[in-house]
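The values are calculated or read from the model by the stated rules, or taken from the named source; none is laboratory data. Remember, it's a predicted structure, so these values are computed and weren't measured experimentally. As a convention, Cβ positions derive from the backbone with ideal geometry for all residues, glycine included, and neighbour counts pool all protein chains shown. The area values use the complete protein model at the heavy-atom level, side chains included, leaving out ligands, DNA and RNA. Shrake-Rupley method; radii C 1.70, N 1.55, O 1.52, S 1.80 Å.
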Amino acid sequence: MTTRIGVVTFPGSLDDRDAQRAVRLAGAEPVALWHRDKDLHQVDAVVLPGGFSYGDYLRCGAISRFSPVMDTIIEQAKLGMPVLGICNGFQVLCESHLLPGALTRNDSLHFICRDQKLRIENAGTAWTRDYSAGQEIVVPLKNGEGRFVADERVLDELEAEGRIVARYLDVNPNGSYRDIAGITNAAGNVVGLMPHPEHAVEPLTGPTTEGLGFFTSVLKQLVNA
(Lines give C-alpha, C1' and ligand atoms only; values in the text may rest on other atoms or scores of the structure.)
Protein backbone atom coordinates (compact mmCIF):
# COMPACT_ATOMS: atom_id res chain seq x y z
CA MET A 1 0.00 0.00 0.00
CA THR A 2 1.42 3.38 -1.05
CA THR A 3 2.25 5.90 1.66
CA ARG A 4 0.17 9.04 1.20
CA ILE A 5 1.61 12.41 2.20
CA GLY A 6 -0.67 15.45 2.09
CA VAL A 7 0.54 18.90 1.05
CA VAL A 8 -1.69 21.79 2.11
CA THR A 9 -2.40 24.72 -0.18
CA PHE A 10 -3.41 27.98 1.48
CA PRO A 11 -4.24 31.16 -0.45
CA GLY A 12 -0.76 32.47 -1.23
CA SER A 13 1.10 29.18 -0.89
CA LEU A 14 4.08 29.19 -3.24
CA ASP A 15 5.95 25.91 -2.86
CA ASP A 16 3.13 23.37 -2.62
CA ARG A 17 3.84 21.90 -6.07
CA ASP A 18 7.55 21.61 -5.28
CA ALA A 19 6.74 19.83 -2.03
CA GLN A 20 4.44 17.44 -3.89
CA ARG A 21 7.25 16.68 -6.34
CA ALA A 22 9.69 16.02 -3.49
CA VAL A 23 7.18 13.62 -1.94
CA ARG A 24 6.85 11.79 -5.28
CA LEU A 25 10.63 11.57 -5.76
CA ALA A 26 10.93 10.08 -2.27
CA GLY A 27 8.58 7.30 -3.33
CA ALA A 28 5.32 8.33 -1.66
CA GLU A 29 2.02 9.49 -3.15
CA PRO A 30 1.47 13.25 -2.82
CA VAL A 31 -2.09 14.27 -1.95
CA ALA A 32 -3.18 17.88 -2.48
CA LEU A 33 -5.08 19.23 0.53
CA TRP A 34 -7.13 22.42 0.36
CA HIS A 35 -7.07 24.75 3.35
CA ARG A 36 -10.86 24.92 3.68
CA ASP A 37 -11.30 21.14 3.74
CA LYS A 38 -11.10 19.60 7.21
CA ASP A 39 -10.84 16.11 5.70
CA LEU A 40 -7.23 14.91 5.37
CA HIS A 41 -8.29 12.18 2.91
CA GLN A 42 -6.54 9.39 4.78
CA VAL A 43 -3.02 10.74 4.42
CA ASP A 44 -0.26 9.33 6.61
CA ALA A 45 1.66 12.60 7.05
CA VAL A 46 1.31 16.28 6.14
CA VAL A 47 3.60 18.98 4.75
CA LEU A 48 2.80 22.67 5.26
CA PRO A 49 4.71 24.35 2.41
CA GLY A 50 6.42 27.68 2.03
CA GLY A 51 4.93 30.82 0.55
CA PHE A 52 2.95 33.82 1.70
CA SER A 53 -0.30 32.36 3.02
CA TYR A 54 -3.03 34.99 3.24
CA GLY A 55 -0.46 37.50 2.03
CA ASP A 56 1.33 37.34 5.40
CA TYR A 57 -1.26 39.80 6.70
CA LEU A 58 -1.35 40.38 10.46
CA ARG A 59 1.66 38.06 11.03
CA CYS A 60 3.10 35.28 8.89
CA GLY A 61 0.97 32.19 9.47
CA ALA A 62 -1.37 33.91 11.93
CA ILE A 63 -4.46 33.68 9.69
CA SER A 64 -3.61 30.28 8.17
CA ARG A 65 -3.58 28.83 11.64
CA PHE A 66 -7.38 29.26 11.68
CA SER A 67 -8.00 27.51 8.34
CA PRO A 68 -10.38 24.54 8.76
CA VAL A 69 -7.71 22.05 7.69
CA MET A 70 -5.52 23.13 10.61
CA ASP A 71 -8.10 21.96 13.16
CA THR A 72 -7.66 18.40 11.90
CA ILE A 73 -3.90 18.69 11.48
CA ILE A 74 -3.47 19.95 15.06
CA GLU A 75 -5.67 17.12 16.34
CA GLN A 76 -3.80 14.45 14.37
CA ALA A 77 -0.35 15.87 15.15
CA LYS A 78 -1.14 15.53 18.86
CA LEU A 79 -1.99 11.88 18.16
CA GLY A 80 1.41 11.34 16.50
CA MET A 81 0.91 12.03 12.79
CA PRO A 82 4.14 13.37 11.22
CA VAL A 83 3.88 17.04 10.18
CA LEU A 84 6.62 19.08 8.48
CA GLY A 85 6.36 22.85 8.21
CA ILE A 86 8.74 24.49 5.74
CA CYS A 87 9.35 28.27 5.95
CA ASN A 88 5.80 29.67 5.99
CA GLY A 89 4.71 26.23 7.20
CA PHE A 90 7.12 26.59 10.14
CA GLN A 91 5.50 29.94 10.92
CA VAL A 92 2.05 28.30 10.83
CA LEU A 93 3.21 25.57 13.24
CA CYS A 94 4.44 28.19 15.72
CA GLU A 95 1.21 30.17 15.41
CA SER A 96 -0.68 26.90 16.01
CA HIS A 97 1.37 26.27 19.16
CA LEU A 98 2.46 22.88 17.86
CA LEU A 99 5.98 24.31 18.13
CA PRO A 100 7.29 26.97 20.53
CA GLY A 101 8.81 30.31 19.65
CA ALA A 102 8.15 32.61 16.69
CA LEU A 103 9.66 33.70 13.37
CA THR A 104 10.23 37.45 13.08
CA ARG A 105 11.78 39.86 10.56
CA ASN A 106 15.34 39.05 9.57
CA ASP A 107 17.80 41.15 11.54
CA SER A 108 19.01 42.73 8.27
CA LEU A 109 15.38 43.69 7.43
CA HIS A 110 16.06 42.31 3.93
CA PHE A 111 14.64 39.31 2.11
CA ILE A 112 17.37 36.67 1.79
CA CYS A 113 17.73 34.06 -0.96
CA ARG A 114 20.85 31.87 -0.89
CA ASP A 115 22.16 28.33 -0.71
CA GLN A 116 22.60 27.65 3.00
CA LYS A 117 24.80 25.18 4.83
CA LEU A 118 23.12 23.44 7.77
CA ARG A 119 24.18 20.95 10.39
CA ILE A 120 21.65 18.27 11.31
CA GLU A 121 21.55 18.20 15.10
CA ASN A 122 18.78 15.68 15.72
CA ALA A 123 18.55 12.63 13.44
CA GLY A 124 15.89 10.98 15.55
CA THR A 125 12.77 12.78 14.36
CA ALA A 126 10.23 11.42 11.90
CA TRP A 127 11.63 13.77 9.27
CA THR A 128 15.41 13.38 9.83
CA ARG A 129 16.01 9.65 10.28
CA ASP A 130 17.82 9.39 6.96
CA TYR A 131 20.51 11.79 8.17
CA SER A 132 23.19 11.33 10.82
CA ALA A 133 23.69 13.70 13.74
CA GLY A 134 26.33 16.23 12.78
CA GLN A 135 25.82 15.74 9.03
CA GLU A 136 26.26 18.92 7.00
CA ILE A 137 23.92 19.64 4.10
CA VAL A 138 23.24 22.53 1.71
CA VAL A 139 19.69 23.54 0.76
CA PRO A 140 18.16 26.81 -0.46
CA LEU A 141 16.95 29.45 1.98
CA LYS A 142 14.56 32.28 1.04
CA ASN A 143 12.71 34.38 3.58
CA GLY A 144 12.13 37.83 4.95
CA GLU A 145 10.80 36.71 8.33
CA GLY A 146 12.93 33.73 9.25
CA ARG A 147 14.53 34.84 12.49
CA PHE A 148 13.69 32.22 15.12
CA VAL A 149 13.17 33.79 18.54
CA ALA A 150 12.09 32.44 21.92
CA ASP A 151 12.77 33.33 25.54
CA GLU A 152 15.80 31.91 27.30
CA ARG A 153 13.76 29.29 29.17
CA VAL A 154 12.38 27.86 25.92
CA LEU A 155 15.77 27.98 24.20
CA ASP A 156 17.41 26.16 27.12
CA GLU A 157 14.61 23.58 27.07
CA LEU A 158 15.06 22.98 23.34
CA GLU A 159 18.80 22.52 23.85
CA ALA A 160 18.43 20.23 26.87
CA GLU A 161 15.85 18.00 25.19
CA GLY A 162 17.72 17.75 21.88
CA ARG A 163 14.86 19.41 20.02
CA ILE A 164 16.97 21.61 17.76
CA VAL A 165 16.80 19.78 14.44
CA ALA A 166 19.20 21.93 12.40
CA ARG A 167 21.49 24.93 12.85
CA TYR A 168 22.93 27.40 10.35
CA LEU A 169 26.61 26.92 9.58
CA ASP A 170 29.20 29.50 8.43
CA VAL A 171 26.62 32.30 8.29
CA ASN A 172 23.55 32.95 10.41
CA PRO A 173 21.49 34.51 7.62
CA ASN A 174 18.68 36.06 9.62
CA GLY A 175 19.83 36.48 13.21
CA SER A 176 18.05 33.38 14.52
CA TYR A 177 18.74 32.82 18.18
CA ARG A 178 21.45 30.23 18.76
CA ASP A 179 21.74 29.72 14.96
CA ILE A 180 18.52 27.69 14.98
CA ALA A 181 17.21 26.71 11.53
CA GLY A 182 14.67 24.09 12.66
CA ILE A 183 13.12 22.54 15.75
CA THR A 184 10.87 19.63 16.69
CA ASN A 185 8.20 18.98 19.28
CA ALA A 186 8.95 16.69 22.21
CA ALA A 187 7.52 13.64 20.46
CA GLY A 188 9.62 14.19 17.32
CA ASN A 189 6.72 13.93 14.87
CA VAL A 190 6.28 17.68 14.25
CA VAL A 191 9.23 19.51 12.67
CA GLY A 192 9.54 23.11 11.54
CA LEU A 193 12.37 24.19 9.24
CA MET A 194 13.02 27.62 7.75
CA PRO A 195 15.23 26.51 4.79
CA HIS A 196 13.69 24.64 1.86
CA PRO A 197 14.63 20.94 1.49
CA GLU A 198 12.01 20.53 -1.26
CA HIS A 199 14.19 22.68 -3.53
CA ALA A 200 17.20 20.39 -3.12
CA VAL A 201 15.93 17.05 -4.38
CA GLU A 202 17.16 16.96 -7.99
CA PRO A 203 20.59 17.74 -9.55
CA LEU A 204 18.99 19.77 -12.36
CA THR A 205 17.27 22.33 -10.15
CA GLY A 206 18.85 22.27 -6.71
CA PRO A 207 22.31 23.11 -5.37
CA THR A 208 22.38 19.53 -4.03
CA THR A 209 19.98 16.65 -3.54
CA GLU A 210 20.54 16.74 0.21
CA GLY A 211 17.02 17.91 1.00
CA LEU A 212 15.46 14.68 -0.18
CA GLY A 213 16.34 13.02 3.12
CA PHE A 214 13.54 14.85 4.92
CA PHE A 215 11.00 13.14 2.67
CA THR A 216 12.61 9.69 2.57
CA SER A 217 12.92 9.83 6.37
CA VAL A 218 9.19 10.09 6.95
CA LEU A 219 8.52 7.42 4.35
CA LYS A 220 10.75 4.94 6.22
CA GLN A 221 9.24 6.00 9.54
CA LEU A 222 5.75 5.23 8.26
CA VAL A 223 6.68 1.97 6.54
CA ASN A 224 8.40 0.68 9.69
CA ALA A 225 5.65 1.86 12.07
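What the table below lists for this structure:
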read-out: Considering only the range 3-130, percent of DSSP beta bridges that pair antiparallel, nearest 5; value: 10
read-out: Most mobile of Phe215, Phe148, Phe66 in a GNM of the chain (Cα contacts under 10 Å); value: Phe66
read-out: Length-normalised contact order of the range 4-224 in % [C-alpha pairs under 8 Å, at least 6 apart]; value: 21
read-out: Listed peptides 194-200, 169-175 by packing density, highest first (mean Cβ within 10 Å); value: 194-200, 169-175
read-out: Relative contact order (%) - the range 7-89, alpha-carbon pairs under 8 angstrom, separation at least six; value: 36
read-out: Asp179, Asp107, ranked by accessible area, largest first (probe 1.4 Å); value: Asp107, Asp179
read-out: Kirkwood-based Rg to Rh ratio, the range 62-182, C-alpha trace; value: 0.95
read-out: For the range 106-182 and the range 20-72, distance of Cα centres in Å; value: 21
read-out: Anisotropy class of the range 166-225 from Cα gyration tensor, a/c 1.5 cut; value: oblate
read-out: Antiparallel bridge percentage (DSSP; both residues within the chain; nearest 5); value: 55
read-out: Rounded accessible area of Leu219 (nearest 10 Å², 1.4 Å probe); value: 30
read-out: The chain, helix-only ellipticity at 222 nm - DSSP H runs n ≥ 4, -39,500 (n - 2.57), divided by all residues, nearest 500; value: -7000 deg cm²/dmol
read-out: With DNA, RNA and ligands ignored, accessible area of Cys113 (1.4 Å probe; Å², nearest 10); value: 110
read-out: Long-range tail of P(r) for the chain (Cα pairs > 24 Å, %); value: 34
